[in-house]
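Peer 1: One structure, as structure tokens, below. Some questions next.
The values are calculated or read from the model by the stated rules, or taken from the named source; none is laboratory data. Note that the coordinates shown come from a computational prediction; the quantities given were computed from them, not determined experimentally. With ideal geometry, Cβ positions are generated from the backbone for all residues, glycine too; neighbour counts draw on all protein chains shown. All accessible areas refer to the heavy atoms of the entire protein, side chains included, with ligands and DNA or RNA removed. Shrake-Rupley method; radii C 1.70, N 1.55, O 1.52, S 1.80 Å.
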Amino acid sequence: MTIKLLITYTLCVLCTMRVSALEADSAVTITSLKNEFRFNWNSKDNRVEINQKLNNIYTSSAYQVNYTVSEFYNNNISINNITCKVDGRTPRGFKPEYTYYSNNDIFYSDERLCYFPLDLAKKGSIGNVTFEETVNDPRYFTNIYFADNLPVQQGEVSIEIPHWMKVDIKEFNFNAFNIKKSTIYNSSNDADIITYKFTNIPAMKKELHGPGPTYIYPHLLIMCKSAIVGSKQFTYFNTLADLYAWYHELVKDVAGDPAPLRTKSNELTAGLTNDLDKIKAIFYYVQDNIRYIAFEDGIAGFKPEKADEVLRKKYGDCKGMANLTKALLVSAGFDARLCWLGTKHIAYDYQTPSMAVDNHMICGLLYKGKTYYLDATETYIGINEYAERIQGRQVLMEDGDKYVLGKIPSAQPQQNLSSEISKLYINGASLAGKVSNVWKGEDKEEVLTGINSIKQENVEDVMKHYLAAGNVDYTINNLVLSTTSNPDKDLNVGYAVDRKSGISAFGKEYYIDLDNRKELSDAVIAIDEQKNDYWFSRKDQIATEIELTLPQGYKAASIPPGVDISRPGYEFHITYISSPGKITYKKTLLIKNTLLTKANFVQWNQDIELLNKAYNENLVIKPVSQ
Amino acid sequence: MKKTLRLLFFFPLFATTAGAQNNNQTYAEKAAEIQKEVWGTTVPEFATTKVPVNLSNESAVVFAKSYSMQRSLTNKFKFMIITASSTTRALKLTTFHERVKINDKSALEDFSTISYQKRLDESVHILSAKFSMTHDTYIGAKIIKPSGKEVVVNTSEEVLIKNEKNDQVSKLAVSDLQVGDILDYYVSTVDVNENASTDNFADNDMVFVLAGEYPVLYNSYDFQYSKKDNVKHICANGAPQFNISTNAAGDQIYSLKVRDQAKYSSEFWTSKFRQFPYIEISSSHTMGFVKFVSGGKAGESAADRLQANKAIFEGTFTERNIPYFSDVVDRLKKYFDGKKNIKAVPLDSAMKVLYNIRKGMVFGSYSKDDVGKVDEINYRRMSSKFNTVVMSMALNDLKIDHDVLLICSRNANTLDNIFNYSDFDACIRINDTKPLYMFFDDAATHFNEIPQRFQGEKVIVLTPKRESSTKYSFAEGTAVLPVMQAAVNNINEDIKVSLLPANMQKIKIQRLVKQTGLMRHDDQLRLLPVVDIDNILMELSKSEKLEKRLAENPETKKLRDDFSYAFSDDESKSVKKFTSEIKTQYEQEPTQVTDCKIINAALDNSSPVFQYSESFVLDNLVKKAGNNYIIDAGKLAGSFYKLVEKERKRTYDVYMPCSRSFKYTINIAVPQGYTAKGLEEIASKKANKTGSFSSEATLNGNVVTIVITRVYNNNFEKAENWPLLSEVIDASAGFNAQKILFEKKS
């Protein structure tokens, strides 16, 4: 759907949720889920812990079902015990595996995975699995989900909170589900036991173009604020200031050795007199020269690598790149700061102080009364341009011992532009002429990312293939691509084209299909498959103008009607303009709002059908005499 | 064992052992020693810094690459409490060293991470003795900046992504690597193996294709084996020969240097192990193949190697080891109600039954694992060598004149380059008035059908003679397998097209597909439900019903319900399979898929045409133009391959899947009130010795009929015929652009 891509662009998504990445299996259901959480004082280690007992009962609805049970853990969450019984017996050779979790986005992570196969041989077989775990720091106890990888028929979640522990619990996405809450007091532990009972929760399923799980699935956001145990007092994240204080402590000495940073900063800004040019030189250097590699190792998942180290290694993750950007700017005399934020993938903001709120770090720059947000992980994006995933997001910026809350500006669709202007004429059995393309913003970023992922000797061929929209009867000559090394500038390409597709002759009449791209033509949403709202990857503007010079003695016999659709979230406009000796096709597609709610799917599909109808209308030209 | 292309090599597939290792060295000490040795090389190519002008636009250029392997053997006693045994300890040291110039971000991405098995200890303990099997890896990397400055990468920045006592896997992001730098790195491994059972030719086999993703200016291979080792090697498809020598200790040394190795550019219709130079080398101190034939001389020729593999194959003709050949004979007798009746029917009929009986025995047998992998069942294949032996013994018993043929696939090595026992296949040829073939392959293979990968191939003909139950002798000859005519491998489609009255820009297609010969296999295996194949094969061989077979097999007797459920579930996915087939053909998602039917399963050559039908609706193939409609007639039979510019020049011979022919008859209903125009433009004809294409459109009443034929005459063409073949491909592709106008009558 949407724009044709050169490659799939992998984003930096540091999801702090502990959700298994496995697909749901329709042959197995969780007929009973019972998760118990209890705050506990560990006097030996002098800390508050949370003991978790997670029990699932799996029932198969088919034969020979092999389901993999998995559970994440890490340096702060340990698995103490696992029990597994199938039809009342421990499976022979039951031996859970413990391994590092890996995916393509993360180079190394301390996140571990414990997994084992659950063989349910018969229809109706029952697997009973219990994990007993400990969270060793309440800061890391952030979410409790009621959903699982499989559908849950009946579930119960209980949290025992002693009165010496201050916890706020926020409920998310309860509306659509049947969830009942009750609270009782346990006098022997002087604790409240809050219990949630629920039925029929669907499986958690990762949907392409769907919202993040915090938007959809019923869950609790746990905000551990403080604890007073005897004479000992612990402050976790009572307020946002506490959260910031903890982050601030982590970044206290991450600048590293200033000497190499100063040398590099001077080198990058040598000869530049304008401040903005200096800022750009530094920002674009980090974008272009530091490879993105994500390390997430316990505290390192939150603590940036030292800036001088990132510079030396020439790789880093978002924290490292933000830190280096800041350090180089500071060396150059600018007021640059670290900023924490959550990408659009996360439903929360800093109204709820929790480590679950943020998953990204960028650099903030205060310059002449304006705040610039510099995200070096977005390669090829210019200063003052913002990727969709961070637009409109709340930002926690350091300000010494205090913090400042800001917001990333939202961009207009016009920030991201794919424009194509063609001047064509009929050349025998083909359409020929000159074409120029311009890309801006995230559209440009997508094209440049694709170009730089390809071997340089293949770039021209691949570019031609991309410009021809995969049509092999295109001949492209004299291709001129603008410089790809300056994110400040738009990306341009110009070329001469001769295309056989798009024109058919019947007798002396020509039937012409001018638009070879037909963006969004396959954008129908499968309503029975897309369970949640649809999120476009970005706001966008696609602008196409094709001017066809009519052959001498020819006129337009039938001009297609075009389409004119304006909805709050998107617009589709196609018009044909007739002028002496010319017909001009103009198309504008706008995605103004990246969120398309389920309620609007039917309307969207109808509008795509109308768009396709317009795409499938040909221009007809014939001799004036006819 | 399937050969794999080995372009980069960090995870050894085998372990060897050595006796010279200093066991007291720490890992760091050993690493330092190796680093000194590798970077102390005097090979001048490893000091290169300049890229030749003609390669300046390459993504990366490998200045120098070397792979060296050293293997030594010592005897070891192992004391096991009250007894002792001796074993051979093999030590293998390998070093892969590469120096590469990084010219763009794509190459930077490729070379910026090194992943490796840092340590693996699979030692076994028997009583008090430990039999070592260990593997350790050492890496080093340095960067040469454009200024000439050398920066040694700190390899302790590695991260362990697996860190168990006996199993460590590591990953290193190469620091400070940028476009324009030269990366000089190595990966060295030390393997100790005291487990003789894993020291065989198959496990020690190494294959190197002399072609890579990047151009290589200098490439060297050096293998050093103990004098006790049996070594065999191949330098195939024009690869330069090894320089073979011995050193003072009697070690065997095999060396090879290649200069200016061009990069491999992937082309379609090629056969890598027939067309690219490669070297293959292996050793074993326990299993000298040549011992079977000539008493164990090292460095035997390709002929000796082939002879040794033949000897092993011939050695499997032992009735004691394969007693169930008699089951096949018994079942044949039962099928015909007695031996006399077998002789009463024509030979080819009897042989077809015999073949189907054997097929039924194999494909009608299931393991307990099959119930969880039903979608893989149709893709099972018979073991060609084993089933050939069974069948040959049965034919001997029936006194049927036949030969056993040894053959290699067109997609793999030639007969001359057989290295391991798994590098060739076998089949039966019955000597009747016309030869009759029995190939043991997939469930869709017929009696007397030659799989496409064997057609036209040279074969070794072995004529067996039973000397005793434990000895068969063989007379030998050669032959070439025939290539089936294109008409035998045919797809014939009848496509009825109509525009939907409610929306004339959507078309309804009713499609009847008939496939014969080699063109039916893919769709048969994809579309036929597993249980249907089982039922048909059982009917053909008069075998027991599925329920009974499952009950008689100890592995599956308790899983009858499970199999029943699994097969039923597979059947229910029929529409999905047809939809997937349509999507492959038309490159778009169809809607309203209905009437999906298998008309003839064609699992036997008495009814050899695989037929199925389906009905569906497609979008975006009809454009509106005023009151008129234009239909993309050229796309109604699906897309035909179109050559891109760089494919027009070709130096490699063309290995096509098979000779084949296609016919599409498309009948398009002209909407009422419309006339059809543009039919004459559809006429096209191109024919030459490689093949032909034709298309023609006629109007019959209110139906436009388009007939398209395509033929590729041969399964192989020399590169010099590529321009002719391109003409046929272009003519087909040109058809895809054809359109028909439905003009509204005034």
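Peer 1: With every protein chain kept in the model, how would you rank B:651, A:195 by accessible area, 1.4 Å probe, largest at the top?
Peer 2: Details: B:651 120, A:195 20 Å².
Greatest to least solvent exposure: B:651, A:195.
Peer 1: Here is a follow-up. Which residue, chosen from B:638, B:137, B:154, occupies the Cα position most advanced towards the positive end of the dipole of chain B, where the dipole is computed from +1 (Lys, Arg) and -1 (Asp, Glu) charges on Cβ about the Cα centre?
Peer 2: Value: B:638.
Peer 1: Among A:502, A:474, A:486, which residue has its Cα furthest toward the positive end of the charge dipole of segment A:457-509, with +1 on Lys/Arg Cβ and -1 on Asp/Glu Cβ?
Peer 2: A:502
Peer 1: Let me ask something else. Give me log10 I(q)/I(0) at q = 0.12, 0.13, 0.20 Å⁻¹ for segment A:123-203, Debye formula, one equal scatterer per alpha-carbon, no solvent.
Peer 2: Log10 of I(q)/I(0), two decimals: -0.46, -0.54, -1.15.
Peer 1: Ok, one more. Write down the Kirkwood hydrodynamic radius of segment A:324-471, to one decimal in angstroms, obtained as one divided by the mean of 1/r over all alpha carbon pairs. Could you put the intermediate results ahead of the total?
Peer 2: Details: mean 1/r = 0.0549 Å⁻¹.
Over segment A:324-471, the inverse of the mean reciprocal pair distance is 18.2 Å.
Peer 1: In 5 Å bins starting at zero, report the fraction of Cα pairs in segment B:22-148 per bin as a rounded %.
Peer 2: 2, 7, 13, 17, 15, 12, 10, 7, 6, 4, 3, 2, 1, 0, 0
Peer 1: From the phi angles alone, apply the Karplus equation (6.51, -1.76, 1.60; θ = phi - 60°) to segment B:732-746 and give each ³J(HN,Hα) in whole Hz, x where the residue is Gly or Pro.
Peer 2: Karplus values, whole Hz, x for Gly and Pro: 5, 5, x, 4, 4, 8, 6, 9, 10, 9, 9, 9, 5, 5, 7.
Peer 1: Kindly write out, for segment B:352-364 in residue order, the coupling ³J(HN,Hα) from the Karplus curve 6.51 cos²θ - 1.76 cosθ + 1.60 (θ = phi - 60°), rounded to whole Hz, with x marking Gly and Pro.
Peer 2: Couplings: 5, 5, 4, 4, 5, 5, 5, 4, x, 4, 7, 6, x Hz.
Peer 1: Moving on to the next point. For a distance above 30 Å, tell me the whole-number percent of Cα pairs in segment B:83-242 that qualify.
Peer 2: On the way: 4191 of 12720 pairs.
For segment B:83-242, the fraction of Cα-Cα distances above 30 Å is 33 percent.
Peer 1: Using the alpha carbon gyration tensor of segment B:344-430, what are the three equivalent-ellipsoid semi-axes (square root of 5 times each eigenvalue), largest first, in whole Å?
Peer 2: Details: eigenvalues 120, 103, 21 Å².
Square roots of five times the eigenvalues give 24, 23, 10 Å.
Peer 1: Using a 1.4 Å probe on the protein heavy atoms only, what accessible surface does residue B:269 show? Give it in Å² to the nearest 10.
Peer 2: 60 Å²
Peer 1: Amide H of residue B:456: which non-local residues (sequence gap of 5 or more, or other chain) have their own amide H closer than 5 Å, using H built in the peptide plane?
Peer 2: Distant-sequence amide H within range of residue B:456: B:481, B:483.
Peer 1: Taking the Cα centre of chain B as origin and charging only Cβ (+1 Lys, Arg; -1 Asp, Glu), how large is the dipole, in debye to the nearest 20?
Peer 2: Working: 98 positive and 92 negative charges, 221 e Å.
Roughly 1060 debye, rounded to the nearest 20.
Peer 1: Turning to a different aspect of this structure: Using a Debye calculation, one point per C-alpha and no hydration shell, please list log10 I(q)/I(0) for segment B:666-732 at q = 0.13 Å⁻¹ in order.
Peer 2: -0.47
Peer 1: Could you put B:97, B:233 in order of accessible surface area, largest first, with the 1.4 Å probe and the full protein assembly present? Provide the component values of the computation, followed by the final result.
Peer 2: On the way: B:97 5, B:233 30 Å².
Sorted descending by solvent-accessible area, the residues read B:233, B:97.
Peer 1: While we're here: On alpha carbon coordinates alone, what is the Rg over Rh value for segment A:21-120, Rh being the Kirkwood radius? Each step should come with its number before you reach the end.
Peer 2: Values: Rg = 15.9 Å, Rh = 15.8 Å.
Across segment A:21-120, the Cα-based Rg/Rh ratio is 1.01.
Peer 1: Pull up all non-local amide H partners of residue A:291: gap of 5 or more, or a different chain, and H-to-H distance under 5 Å with H placed in the peptide plane.
Peer 2: Amide H to amide H, under 5 Å and 5 or more residues apart or across chains, residue A:291 pairs with A:315, A:316.
Peer 1: Which pairs, out of A:326/A:368; A:206/A:489; A:264/B:105; B:352/B:573; A:314/A:370, put more than 26 Å between their alpha-carbon atoms? Walk me through the numbers before you get to the answer.
Peer 2: On the way: A:326/A:368 17 Å; A:206/A:489 36 Å; A:264/B:105 22 Å; B:352/B:573 32 Å; A:314/A:370 29 Å.
Table pairs above 26 Å Cα-Cα are A:206/A:489; B:352/B:573; A:314/A:370.
Peer 1: Stick to Cα atoms and the Kirkwood definition of Rh, then tell me Rg/Rh for segment B:151-204. Don't skip to the end; give the middle numbers.
Peer 2: Working: Rg = 16.6 Å, Rh = 14.7 Å.
With Rg and the Kirkwood Rh in hand, the quotient comes to 1.13.
Peer 1: State, in angstrom, two size descriptors of segment B:537-630 derived from its alpha carbons: Rg to one decimal place and Dmax to the nearest whole number.
Peer 2: 20.4, 71
Peer 1: Would you mind listing how long segment B:255-413 runs along its three principal axes, going by Cα atoms, in whole Å with the largest first?
Peer 2: Largest to smallest, the principal-axis extents are 68, 44, 34 Å.
Peer 1: Given the convex hull of the Cα atoms of segment B:371-527, what is a quarter of its surface area in nm²? List each step's numbers first, then the result.
Peer 2: Values: hull surface 58.3 nm².
If you wrap the Cα atoms of segment B:371-527 in a convex hull and average its projections, you get 14.6 nm².
Peer 1: Another question, if that's okay. How many percent of the alpha carbon pairs in the protein assembly as shown exceed a separation of 59 Å? Don't jump to the answer; show the numbers that get you there.
Peer 2: Working: 252305 of 940506 pairs.
Result: 27 percent of Cα pairs exceed 59 Å.
Peer 1: Something else now. When only alpha-carbon atoms are used, what values of Rg and Dmax, in angstrom, describe chain A?
Peer 2: Here Rg and the maximum Cα pair distance are 29.0, 101 Å.
Peer 1: What's the local net charge at residue B:581, with K and R +1, D and E -1, over the other residues with C-beta under 9 Å away? If you can, show how the numbers build up before the last one.
Peer 2: On the way: positive: B:526, B:577, B:583; negative: B:523, B:614.
Charge balance in the 9 Å sphere: +1.
Peer 1: Something else about it: When you have a sec, figure out the Kirkwood radius of segment B:592-746 from all distinct Cα pair distances and drop it here in Å to one decimal?
Peer 2: This gives a value of 17.9 Å.
Peer 1: Please state, rounded to one decimal and in Å, the Kirkwood hydrodynamic radius that segment B:383-467 gives when every pair of distinct Cα atoms enters the mean of 1/r. Intermediate values should be presented prior to the final figure.
Peer 2: Details: mean 1/r = 0.0754 Å⁻¹.
Computed over segment B:383-467, the radius equals 13.3 Å.
Peer 1: Tell me, rounded to the nearest percent, the portion of alpha carbon pairs in segment B:177-218 spaced more than 14 Å apart.
Peer 2: Value for segment B:177-218 (Cα pairs over 14 Å): 74 percent.
Peer 1: By the scheme Lys and Arg +1, Asp and Glu -1, what is the net charge of all other residues having a beta-carbon under 9 Å from that of residue A:235? Intermediate results must be reported in sequence, preceding the final value.
Peer 2: Working: positive: A:225; negative: A:242.
Neighbourhood net charge equals 0.
Peer 1: Using a 1.4 angstrom probe on the protein heavy atoms only, line up B:565, A:474 by accessible area, largest first. Could you put the intermediate results ahead of the total?
Peer 2: Working: B:565 80, A:474 30 Å².
Output order, biggest surface exposure first: B:565, A:474.
Peer 1: Sticking with this one: From Cα coordinates alone, what are the radius of gyration and Dmax values for segment A:156-303 in angstrom?
Peer 2: According to the Cα coordinates of segment A:156-303, Rg and Dmax are 24.0, 74 Å.
Peer 1: Moving on to the next point. Give me the Debye-computed log₁₀ of I(q)/I(0) at q = 0.08, 0.09 Å⁻¹ for chain B, equal point scatterers on Cα only, no solvent, two decimals.
Peer 2: Values returned for q = 0.08, 0.09 Å⁻¹ are -0.89, -1.08.
Peer 1: Continuing with this model, one more query. Using the Cβ atoms and a cut-off under 12 Å, what net charge is assigned to the surroundings of residue B:356, where Lys and Arg are +1 and Asp and Glu are -1? Could you put the intermediate results ahead of the total?
Peer 2: Working: positive: B:331, B:352, B:358, B:359, B:542; negative: B:539, B:604.
Summing Lys and Arg as +1 and Asp and Glu as -1 gives +3.
Peer 1: 5 Å is the cut-off here: which amide hydrogens, built 1.01 Å from N in the peptide plane, fall below it relative to residue A:74, excluding neighbours closer than 5 in sequence?
Peer 2: Distant-sequence amide H within range of residue A:74: A:112.
Peer 1: Hey, another quick one. Got a sec to turn the phi values of segment A:534-546 into Karplus ³J(HN,Hα) couplings, 6.51 cos²θ - 1.76 cosθ + 1.60 with θ = phi - 60°, whole Hz, x for Gly and Pro?
Peer 2: In residue order, the calculated couplings are 9, 10, 6, 5, 6, 5, 7, 10, 10, 10, 10, 9, 10 Hz.
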